[in-house]
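A short reminder: the numbers here are calculations on the coordinates, not readings from a lab. Predicted model only: the values in this text are computed from it and were never measured. So basically every Cβ, Gly included, is an ideal-geometry build from the backbone, and we count neighbours across all protein chains shown.
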Amino acid sequence: MADIKLYSSYSGDYNLVLAYPAQESFALSSLGYMWLFMLADMTDGINAKRISTDNTSCDCNKTDALAFSISFDFDYNGVLKILDKLKIPFFKDERNENHPLIFAGGPVITTNPRPYEKFFDFMLIGDGENSFLEVLEVLKLKLPKQELLQKLSEIEGVYIPHNKVVKRTERLENVIYTPIISSNSYFKNTFIIEVSRGCTNRCAFCTASYTNLPYRFNDFNKIIDAIELGLKYTDNIALLGAQLSAHPQFSEIMKYLHNKMQSGQNINLSISSLRTDAINPDIVKTLVLGGQKHTTIAIEAASERLRRFINKNITEDQIINAVKIAKENGLKGLKIYSMIGIPNENDNDIAEFLRLAKLLKEQNKGINIEFSFSSFVPKPQTPFQWEKRETTNTIEKRQHYLEKGLSKIGIEAKFSSAKWDFWQTVLSRADENIASALVEIYKNQGKLGSYKKVIKELGINIEKSIEGCNVNESLPWDIIESRPGKDYLFEEYQRLMKLIKK
Ligand code: SF4
């Protein structure tokens, strides 16, 4: 099936390339990236084009600006790969007026732009849908680079390295949805609709919540209009939001879809996540009717004391109830997301996973329960931004213990790589000094083994990223002004520390 484009393009003589630092299938499934591409493509005076790591067919001599969308810490590798293929110098100081202007935005940039500031001329911090449009208007002026950067610096949310920047936060006025439905997308022929942004729960490690405060949701009628629009072109509808169930009319949205399916409309429905305490029979029945066989809940920790400490305020009864509802209403599988290496975690907290898993397994024959463990990565702009990273050795020991224990119970478990998560921690809390190492690591094909070697050879100090930051010191990402600010994060951190010590 050919791609279906849901808007009309304009053209112009300003050549803007939107680059996705991974394969095209992921680009096509990235709602934020595709929405910004559509905005550019619909802007009079702009000639917009998309590229990705597996499709870099663009003439850099004719390109005025190159914009990257960065969703994951290791995406820098894709950025350098694309620049390399286009023969554009990596460092902005090595580029001149003849090179395209290069900028970036996305969740990683909003959380901490500092590791990347030697690569980009400017970056967008916070919600991008309006700041991007304002940037396009300035770009079209085709001013000399310094003049252009001066003008761009006046736009809220634009970070020109070494300046301060106010994080941009928008009201959700228009529902964002997939503008190009494609069979090449990772989510094949799927129409994704943003229901809400952020999360009210404020788990202390979570950037999806903290960098998207306050929680905002789209108007019910506009969501329904978007669903109807999508259904004109595809049966595959996906609802997106870190905390869908906090939408005040989430039940009505699900009911609307349920009624449509019951009246004979074929809809394959998927949703991004469900909070454990929000699962109810109606929601599960709608998902099952929409063809969903599995769902995921995130409990993070099996011990109640650790869940309280990280501000994941769900009880064991709620977890037990969620699994029961999932099973009784027709789901075949349930994945339980959890985390190892949470600050203050001890062996008893880890053993609690086995106790809980056994209990859930015994009580719920007929549904396949699976655990998926990541390891705690302290992230900027969260109350745990000062915390230390657990050692790889301890995490791996706990992984082996859990793998063995869960397998005895007959439960499958998947684990993220503790070694890669270690380097993710380094990247997350780094400053601009890491840029030269990123280039060297890229030249070593971004292999895991090259990180330690390169960091050592270049003498880059990663101690603070791993051992944690001093609460009295300034942090690399303090250049971002956001609400709530650092004082609030610190108060919350203190409150949680008192809880764990009780
Ligand atoms: S419930 Fe999920 S999305 Fe919300 S703050 Fe916690 S981890 Fe983040």
Legend entry - Stokes-Einstein D (µm²/s) once Rh is taken as the Kirkwood radius of region 189-292 over alpha-carbon pairs, at 20 °C in 1.002 mPa s: 153 µm²/s
Legend entry - Shape of region 122-224, Cα gyration tensor, a/c cut at 1.5: oblate
Inset, instruction - Calculate, in whole percent, how much of the Cα-Cα pair population of region 4-166 lies beyond 29 Å. - result: 8 percent
Legend entry - Two-decimal Rg to Rh for the chain - Kirkwood Rh, Cα set: 0.96
Inset, instruction - Considering Cα pairs under 8 angstrom that are at least six residues apart, work out the relative contact order of region 108-212 and quote it in whole percent. - result: 23 percent
Inset, instruction - With the cut-off at 16 Å, report for region 282-397 the share of all Cα pairs above it, as a whole percent. - result: 63 percent
Inset, instruction - Tell me the label-point distance for the pair residue 94, residue 293, using the 7 Å Cα-to-Cβ offset, in nm and rounded to one decimal. - result: 4.9 nm
Legend entry - Relative packing of peptides 404-412, 455-463 - highest average C-beta neighbours within 10 Å first: 404-412, 455-463
Inset, instruction - Apply 1/(1 + (r/R0)^6) to the Cβ-Cβ distance of residue 443 and residue 54, taking R0 = 25 Å, and write down the FRET efficiency to the nearest 0.05. - result: 0.80
Inset, instruction - Give, to the nearest whole percent, the P(r) tail of region 353-448 beyond 16 angstrom, counting all Cα pairs. - result: 66 percent
Legend entry - Relative contact order of the chain, defined on C-alpha pairs under 8 angstrom at six or more residues apart (%): 13 percent
Inset, instruction - Could you calculate the contour length gain from residue 432 to residue 461, that is, 0.36 nm times the residue separation minus the distance between their Cα atoms, to one decimal place in nm? - result: 9.3 nm
Inset, instruction - Could you run the Karplus curve 6.51 cos²θ - 1.76 cosθ + 1.60 with θ = phi - 60° over region 240-250 and give me ³J(HN,Hα) per residue in whole Hz, x for Gly and Pro? - result: 10, x, 5, 9, 4, 5, 7, 5, x, 10, 4
Legend entry - Per the chain, cysteines lacking a partner by the 4.7 Å Cβ criterion: 58, 60, 199, 469
Legend entry - Charge context of residue 464, other residues only, Cβ under 12 angstrom, K/R +1, D/E -1: -2
Legend entry - Mean Cβ count within 10 Å, highest first, over the residues of peptides 10-17, 227-234: 10-17, 227-234
Inset, instruction - Any chance you could run the full-extension gain for residue 200 through residue 408? It's 0.36 nm times the residue separation minus the Cα-Cα distance, nm to one decimal. - result: 71.2 nm
Legend entry - FRET E, pair residue 420, residue 259, Förster distance 56 Å, beta-carbon r, rounded to 0.05: 0.80
Inset, instruction - For an R0 of 35 angstrom, estimate the FRET efficiency from the Cβ-Cβ distance between residue 470 and residue 316 and round to the nearest 0.05. - result: 0.45
Legend entry - Neighbourhood charge, 10 Å Cβ-Cβ cut-off, centred on residue 380 and excluding it, Lys, Arg +1 and Asp, Glu -1: +2
Legend entry - Charge context of residue 114, other residues only, Cβ under 12 angstrom, K/R +1, D/E -1: -2
Legend entry - Two-decimal log10 I(q)/I(0) for region 394-472, as the Debye equation yields it once each C-alpha is a single scatterer, q = 0.14, 0.19, 0.22 Å⁻¹: -0.60, -0.85, -0.99
